[in-house]
Amino acid sequence: MTILAVLIGTLIFAVLAPILGCLLAGLDRKISARMQGRVGPPLLQPYYDVRKLIEKDDVAVNGTERVYIICALVFTLIAGGIFVSGGNLLMCIFVLTLGALFFILAAYCTSSPYAQVGASRETLQVMSYEPMVLFMAVAFFMAVQAILGMGSFDVRAVLYLDVPVITNIWLVFLGFLFVLTIKLRKSPFDLSYSHHAHQEIVKGVTTEMSGKTLAMVEVMHWCENVLFMLWVALFFVWGNPASIILALVVVAVVYFFEIWIDNNFARVKWQTMLTSAWVVALVAGGINIAFLAYL
Amino acid sequence: MATLGMLWFLILFPLVVAVVLLAVRNNQARNVIVVASAIVIGLASLFLVAANLGVDYWKPIPMASPLVVDIICMVLGVAIAAVILYFGIKYKNTLACVLAAVQVVGSLVFELMFAHNVEVTECLYLDSLSLLMAFIIGIVGSGICVYALGYMEDFQAHQPEGAKDRRPVFFALMFVFLSAMFVIIFSNNMMWMFTGWEVTTVCSFLLIGYTRTEESLNNAFRQIVMNLIGGIAFLVALYVMAIEMGTLSLLEFLQLGIMYPEMVALPACALALAGITKAAQMPFHTWLLGAMVAPTPTSALLHSSTMVKAGVFLLIKLAPIFYLSQIPSVMVILVGGITFVLCSFMAISQSNAKRVLAYSTIANLGLIVACAGVGTPEAVWAACFLILFHAIAKSLLFLCVGTAEHHIGSRDIEDMDQLFQRMPKLARFMMLGIMVMFIAPFGMLIAKWATLVSFVEMRQVALIVMLAFGSAATFFFWGKWLGKLSAIAAEPDNVELSVHKSEWGSLLLMVVLAILSCACLPLISQAVVDPYIQSVYGTRAADIQFTNQLLAALLAIVVIIVLFAGVGKQNKSKQAQVYLAGYSANNEQRVFKNSLSGTTEATMRNWYLEGIFGETRIRPVGEWVCGIIIAAAIIISAFGTSVIF
Amino acid sequence: MSYATKSPWVIHYDGSSCNGCDIEVLAALCPGYDVERFGIINTGNPKHADIFLVTGSINEQNISVVQEIYNQMVEPKVVIACGICACSAGIFHDCYNVIGGVDKAIPVDVYAPGCAVRPEAIIDAVVQGLAILDEKSKALKAQKKGA
């Protein structure tokens, strides 16, 4: 029964993803600090931050914001659960988008000028990366079809492959790396909400969130990041158990690369983000999918 | 025999009601009649659906074409032309007159010279797609009629003093519309279908021009000209069918088409053109945008359950032919796909709520058209669900916008700030409608998902690309609207207390339908859509596994519960102010002290990205490309490829 | 120790400073001093911050701003006056519209004098502030339990 599998997957994801995501975030800050010639915070700093936020007083602009954030967190976890249980990749993407929508609504509902500017930028970011993410799923299906002879959107299909899907869709992978920067909210695409201090819209989407609500947002981001890394790993896993090691190495390299970009590029304007993300999607996704379809 | 009676009842009863309404001038009496007959029509269509649930074959109703009906068709054809000519001459629109004249002469010649030789033995039929449509027309359509009661009362009150009360005509036309739609979906005899087709055209002409202002007349004429082109294309198809194929039966035409796909290329193209004009695809999309000047119930009726749905209904019926016949298929796929992506883009640049809805309608119809063009069982499955969810969600949204317009005095999305508090129930209904339109796990997106899968399986690369970009744009324009609605600030006055009961009734009906259809998606698939696929293709469509449908339905229920029970409540957190950089003058109202020692209210306008997605940039591209595609397809199918090469 | 002391996020507000102290506050975040070692982040948002660093004196123009930012910070919170102007208005104390140090507007927990205040002094003050933050955090917890 798939529903049961998704439920179990969600539970597993809800336990493991925050732990892994927290460590990943700690590593991120540590490496960023080293790139800037600093020592940086302890590895568990993100964990301390969240614990502190939970201890803070309970304050909110309205009663609705937290409901939306809880929804966003829950749907992110379910998206992870769908992936972990080997379920449908498209479903995973759609449910994650639903989570993103609730995150946006949480910011909009506060009627705060800064949060609302952040929310509209976040909406624009979703529009920018969505085509490439859909292409990723489609390319995955076609690559599985090219290798197995029968297409599938199911994540578990990778276990039956002789070669990883990256062999067929490396161009899509490159395109996906591009939009991954937007999804990870890394500079140059951290328009809506940046972890760097001092930006023109204060803290963008999260401006009005505090205490437990903000803690949930942090946990949600950890889980999202883990899920994105799982997507990256999906390109490199095949029937051989040893491939998991390869996938882990690739994930590490990809994340390091994203940190490097974050520290080396200044934020761009939304026009640049939208047009570049769409052009990349059209070229990388379009060409690769056309190749798979016609050759 | 019982079924035959039901069909005739559904076709004739609204006509009787229309005649009665024409005579009734008393408001009270009209309210009673409309509500009662809407309930009767709704129940009758429900009964029809229930009695025939799961019918997985083409269920013909044996009945030779009675001569009297043929004569009625002819008389109606002449009457329609007379109406158009009357208005065309009165308002000096030559093009409409010429087209109407061409059409009436063409159809008279056809009926007197050719149609008599062709005998159609089964004039009416029933299959699961007709049932689905009957459900939409009977429930959603009559729900809109009920809504119109309260709306038109307010509308009349807003009219200048001494304006003529033409509401009897308005309501009569609404019911004639329903009747004509029932004719279209139940007719096997293409002649009858054509008559229904033309009746919807002229009804919407009269409804759009209802206010008789210059703007509304211009738009009404644009509608009639475009749809007359479609009507003439339909007539061309009838000529070819009668002369070359010797049949006027839809079933026989489809069977012949599947056997000899090359032979039916021309009639298929012509019928597709008729469907495309009616479904307001580019380059004919402007008539639907213009139709926005009409009172909102008209827009709701045209957009959700009738008129445009007639166009896509015909195209879905033809899907098996598109599956095999290349030229019409390419034309329909490209026109639908391009319309979907470009109209989704243009919706971003609109701030008028009704125009956003209009562009979204055209875009979604484009998707349905593209699905029909692909023609695989999976694509048709997706198209059926797109029709269902679109009808429900769109009528809900139109009714919401109409009610909001009468109570906040604007249909501009920018004026819908904090609707969440000003009209708490209505805003939630609107949010539900918007969510059903664009986000998983709700119906529209599940259908889009199936669409994507079917495109992938058919290796339609161009369509995949268009779907991906169009969907991204869809997220943006719905998302920003949703954000506008959801904002919460100081407690403004609740202005929804004066909404009419009839409006609440219809709104509630649409909400219940939307919730039920999303929650029961797997059941609808099993009971209605799968049987239709079975009846046409002999297989079942298995794009989205049952368990995934179930999962989506479960998630949808969760979101609906959150929307209606979770949000908008006070929790035990301490009330905080919003951050205004430390310079609040009145934090509740988001007013801050500005640099001139005065005060300014912080307000947020949406993004329209004019420079990228503006109408002036995109519209000509779409119109030219789609126009050329249609012209090329028809020329090639009429004269063979030799003309080109 | 409560977690508040392990992740003190600060907000920095420049009252009417000559910018000398502001530069030193930012210098504390740079590689030379790297206060992120202690989990300190400059958030720029009162709703996220635990420690309020004020530089410059309080005058008629900014007193309401300082108070509003302070009020928007979520408990537990600590205020640190950075530099002599923030402590007592310094050489500007008798200017026509200067009211005085930050303590004229809001309760101050730690004073870090200096003109300009040294980064070492800021770090010292924050460490002292952490002890107060810890106390306040425990008090809040006890209050929550009691309630």
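Key figures
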| read-out | value |
| --- | --- |
| Verdict on C:Val110 being buried (at least 24 other Cβ atoms within 10 Å of the Cβ) and touching a strand residue (DSSP E or B) at 6+ places or on another chain (Cβ under 6 Å) | no |
| Filter pass, A:Leu7 being within 28 Å of A:Cys109 (Cα to Cα) and not in a loop (DSSP other than H, G, I, E, B) | no |
| Flag if A:Thr10 is more than 28 Å from A:Asn264 (Cα to Cα), within 14 Å of chain B (Cβ to nearest Cβ), within 22 Å of the chain's Cα centre (by Cα) and modelled with pLDDT under 95 | yes |
| Filter result (more than 7 Å from every other protein chain (Cβ to nearest Cβ) and of a type in the set (Phe, Trp, Tyr)) within region A:117-142 | A:Tyr129, A:Phe140 |
| Members of region A:34-57 found to be aliphatic (A, V, I, L, M), closer than 15 Å to C:Lys47 by Cβ and at the interface with chain C (Cβ under 7 Å from one of its Cβ atoms), listed by number | none |
| Residue check, B:Gly375 out of contact with any Ser or Thr (no Cβ under 7 Å at 6 or more places or on another chain), in contact (Cβ under 8 Å) with a residue 12 or more places away in the chain and farther than 22 Å from B:Phe194 by Cα | no |
| Selection within region B:458-478 - within 7 Å of chain A (Cβ to nearest Cβ) and either of a type in the set (A, V, I, L, M, F, W, C) or touching a residue at least 60 places away in the same chain (Cβ under 8 Å) (or both) | B:Val461, B:Ile464, B:Val465, B:Ala468, B:Phe469, B:Ser471, B:Ala472, B:Ala473, B:Phe475, B:Phe476 |
| Region A:102-116: number of residues that are in contact (Cβ under 8 Å) with a residue 12 or more places away in the chain, facing another protein chain (nearest Cβ under 7 Å) and more than 12 Å from B:Tyr579 (Cβ to Cβ) | 3 |
| Some residue of region B:118-129 being of a type in the set (Ser, Thr, Tyr), at pLDDT 85 or above, more than 28 Å from the chain's Cα centre (by Cα) and outside any helix (DSSP H, G or I) | no |
| Test: residue in region B:548-556 that is of a type outside the set (Asp, Glu), within 18 Å of A:Asn62 (Cα to Cα) and touching a helix residue (DSSP H, G or I) at 6+ places or on another chain (Cβ under 8 Å) | no |
| Output for region C:31-60, where each listed residue is within 14 Å of chain B (Cβ to nearest Cβ) and without any contact (Cβ under 8 Å) to a residue 40 or more places away in the chain | C:Thr43, C:Gly44, C:Asn45, C:Pro46, C:Lys47, C:His48, C:Glu60 |
| Any chance B:Leu485 is at the interface with chain A (Cβ under 9 Å from one of its Cβ atoms), among the hydrophobic types (A, V, I, L, M, F, W, C), more than 22 Å from B:Ser305 (Cβ to Cβ) and crowded, with 21+ Cβ neighbours inside 10 Å | yes |
| Residue within region A:205-215 that is modelled with pLDDT under 95, out of contact with any Lys or Arg (no Cβ under 7 Å at 6 or more places or on another chain), within 11 Å of chain B (Cβ to nearest Cβ) and more than 28 Å from A:Ile70 (Cβ to Cβ) present | no |
| Hits in region C:23-39 - residues which are charged (D, E, K, R) and surrounded by 20 or more Cβ atoms within 10 Å (Cβ to Cβ) | C:Glu24, C:Glu36 |
| Residue check, A:Ile70 away from chain B (no Cβ under 13 Å), closer than 27 Å to A:Glu208 by Cα and among the β-branched types (Val, Ile, Thr) | no |
| Subset of region B:203-230 [part of a helix (DSSP H, G or I) and not hydrophobic (A, V, I, L, M, F, W, C)] | B:Ser204, B:Glu214, B:Glu215, B:Ser216, B:Asn218, B:Asn219, B:Arg222, B:Gln223, B:Asn227, B:Gly230 |
| Top-ranked residue in region A:255-277 [being away from chain B (no Cβ under 14 Å) and assigned to a loop (DSSP other than H, G, I, E, B); ranked as surrounded by the fewest Cβ atoms within 10 Å (Cβ to Cβ)] | A:Ala266 |
| Selection from region B:398-453 of residues that are among the hydroxyl-bearing types (Ser, Thr, Tyr) and either surrounded by fewer than 24 Cβ atoms within 10 Å (Cβ to Cβ) or free of Cβ contacts under 8 Å to residues at least 40 places away in the same chain (or both) | B:Ser410 |
| Hits in region B:240-262 (condition: crowded, with 20+ Cβ neighbours inside 10 Å and touching a residue at least 60 places away in the same chain (Cβ under 8 Å)) | B:Ala242, B:Leu248, B:Ser249, B:Leu250, B:Phe253, B:Gly257, B:Pro261 |
| Among the residues listed as B:Leu386, B:Leu342, B:Leu334, B:Leu367, the single one being in a helix (DSSP H, G or I), surrounded by fewer than 24 Cβ atoms within 10 Å (Cβ to Cβ) and at pLDDT 90 or above | B:Leu334 |
| Sole residue being more than 10 Å from chain A (Cβ to nearest Cβ), loosely packed, with under 14 Cβ neighbours inside 10 Å, closer than 26 Å to B:Val374 by Cα and within 25 Å of the chain's Cα centre (by Cα), chosen from B:Val536, B:Val621 | B:Val621 |
| Residue within region A:143-154 that is away from chain B (no Cβ under 12 Å), surrounded by fewer than 24 Cβ atoms within 10 Å (Cβ to Cβ), of a type outside the set (A, V, I, L, M) and in contact (Cβ under 8 Å) with a residue 12 or more places away in the chain present | no |
| Cβ-Cβ under 8 Å pairs, at least 6 apart or on other chains, region B:95-110 side more than 16 Å from B:Phe194 (Cα to Cα), far side aliphatic (A, V, I, L, M) and exposed (fewer than 14 other Cβ atoms within 10 Å of the Cβ) | B:Cys97/B:Ile89 |
| Filter pass, B:Val528 being more than 7 Å from every other protein chain (Cβ to nearest Cβ), under 28 Å from A:Thr10 (Cα atoms) and either assigned to a helix (DSSP H, G or I) or among the hydroxyl-bearing types (Ser, Thr, Tyr) (or both) | no |
| The one condition in (1) more than 12 Å from the chain's Cα centre (by Cα); (2) under 25 Å from C:Asn59 (Cα atoms) that C:Val110 fails to fulfil | (1) |
| Hits in region A:22-54 - residues which are surrounded by 20 or more Cβ atoms within 10 Å (Cβ to Cβ), more than 18 Å from A:Leu184 (Cα to Cα) and touching a residue at least 12 places away in the same chain (Cβ under 8 Å) | A:Pro41, A:Gln45, A:Tyr47, A:Asp49, A:Val50, A:Leu53 |
| Unmet criterion (only one of (1) under 13 Å from the mean Cα position of the chain (by Cα); (2) under 30 Å from B:Ser573 (Cα atoms)) for A:Thr206 | (1) |
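The values are calculated or read from the model by the stated rules, or taken from the named source; none is laboratory data. What you are looking at is a predicted structure, and each value in this text was computed from that prediction instead of being measured. Cβ atoms come from the backbone with ideal geometry, glycine included; neighbour counts cover every protein chain shown.
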